[in-house]
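One structure is given below, encoded as structure tokens.
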């Protein structure tokens, strides 16, 4: 998606060779008009999938999921990294290792919000090694719902997450795939 790639080039900052900082428009300050265009593109790519729920993980995916849910005409659900005292007792739970934080999280979703009749699209801001997506896919599997696919804003194509997910036969639609960030120069995969 050229619009997203252009924003990454103009505002993204490469740190330590493999960290891409895009907090000015994606995961700290959010450009909602850009999110709407991204949601429209995912809607086009998942046309006919009859999505009934969009699932993401807190916190960076929530904004994307909300705008996309509006576009798809469904509800957004986010997996919580901590279950507070007001969380339902009946939850689906899995463990996810954060690439950027180097930390393992127990993430949960209330059983009230993912049902066997749901058709779930998973959305997230980044895909690196695939741990977050695999964890979210596990939650969908536990619920008995149907996974229709995964949408990612930015995929680091030089890491193995995307390859692993695609080899599982999952429809994975990344709007920008970066094949290299060597020397701070971004190289995008041609669509």
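A short reminder: the numbers here are calculations on the coordinates, not readings from a lab. All values derive from a computational prediction rather than experimental measurement. So basically every Cβ, Gly included, is an ideal-geometry build from the backbone, and we count neighbours across all protein chains shown.
Where only DSSP H runs of four or more residues are counted, the chain gives -9000 deg cm²/dmol as its mean residue ellipticity at 222 nm, each run worth -39500 (n - 2.57).
Computed from the C-beta positions of residue 106 and residue 31, the FRET efficiency with R₀ = 30 Å rounds to 0.45.
In Å, what Kirkwood hydrodynamic radius results for the stretch 62-171 from the alpha-carbon pair distances? Result for the stretch 62-171, one decimal place: 14.5 Å. For the chain, the longest principal axis of the Cα atoms and the long axis of helix 2-11 meet at an angle of about 70 degrees. With q set to 0.13, 0.15 Å⁻¹, the log10 of I(q)/I(0) for the stretch 1-106, from the Debye formula over equal scatterers at the Cα positions, is -0.61, -0.80.
Relative to the dominant Cα principal axis of the chain, helix 32-45 is inclined by about 70°.
To the nearest ten degrees, helix 61-72 and the longest principal axis of the Cα atoms of the chain are 70 degrees apart. Here r is the Cβ-Cβ distance between residue 2 and residue 129 and R0 is 30 Å; the resulting FRET efficiency, rounded to 0.05, is 0.70. Here r is the Cβ-Cβ distance between residue 16 and residue 90 and R0 is 30 Å; the resulting FRET efficiency, rounded to 0.05, is 0.15. When you count the other C-beta atoms within 10 angstrom of each residue and take the mean per peptide, 180-188, 66-74, 1-9 line up highest first as 66-74, 1-9, 180-188.
Normalised by the number of residues in the chain, the mean separation of alpha-carbon contacts (under 8 Å, six or more apart) gives a relative contact order of 19 percent.
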